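Beneath this line is the structure, given in structure tokens, with notes to follow.
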Amino acid sequence: MSEKGFSLVELIGVLVLLSVIVLVAFPNILTAIQGTNQKIEEATEQLLIANAKSYINDTLPGRSGCVNVSTLVEEGYTETPIANSDSTKSQEIQNSWSVHYDWDNGKYVNFTLRDSSC
């Protein structure tokens, strides 16, 4: 009589081996995803600050203040910002965040992105 297929012991062995691989790999994958999300947020912040600098130089030269991200979007200086894949977070940034800046000795200094309106 010829046997076809796998025995129960072989199937359990394969499942155990796959489980061990998942347990070893999962933390590394999770860490990589979190690191990528952090880099995306930092890049978004740098982009918004750069766009705010362009807007300020074009429309509000020579003074301290702030500009709402929604103003940057409305005036065409940036598209709707994306902080991560969560569209709720993206909408929150557009509606309530702002870039604050100072004018000191003839130049702009201290650009910061804040979770508040002007």
Excluding exposed DSSP-loop GluC sites (Glu not before Pro) (at most 11 other C-beta within 10 Å), longest clean stretch of the chain | 4-78
Percent relative contact order of the chain, based on C-alpha pairs within less than 8 angstrom and at least six residues apart?
-> 22 percent
Rounded to 10°, Cα long-axis angle of helix 8-59 versus longest principal axis of the chain | 10 degrees
Ranked output for segments 15-27, 101-113 by mean other Cβ atoms within 10 Å, highest leading, reads 101-113, 15-27
For region 8-114, what size does the Cα cloud have along each of its three principal axes, sorted from largest down, in whole Å?
-> 76, 27, 16
Per residue of the chain, what 222 nm ellipticity follows from adding -39500 (n - 2.57) for every DSSP H run with n ≥ 4, rounded to the nearest 500?
-> -20000 deg cm²/dmol
Which angle between 0 and 90 degrees, to the nearest 10, do you get for helix 87-96 versus the longest principal axis of the chain when only C-alpha atoms count?
-> 20 degrees
Tell me, Lys39, Lys53 in order of fewest to most beta-carbon neighbours within 10 Å?
-> Lys39, Lys53
Full extension from Ser19 to Cys118: what is 0.36 nm times the residue separation minus their Cα-Cα distance, to one decimal in nm?
-> 30.5 nm
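Values quoted throughout were computed directly from the atomic coordinates according to the rules given, and no laboratory measurement underlies them. Please read all numbers here as calculations on a predicted model, not as lab measurements. All Cβ positions, even for glycine, are placed from backbone atoms using ideal geometry, and neighbour counts span all protein chains on display.
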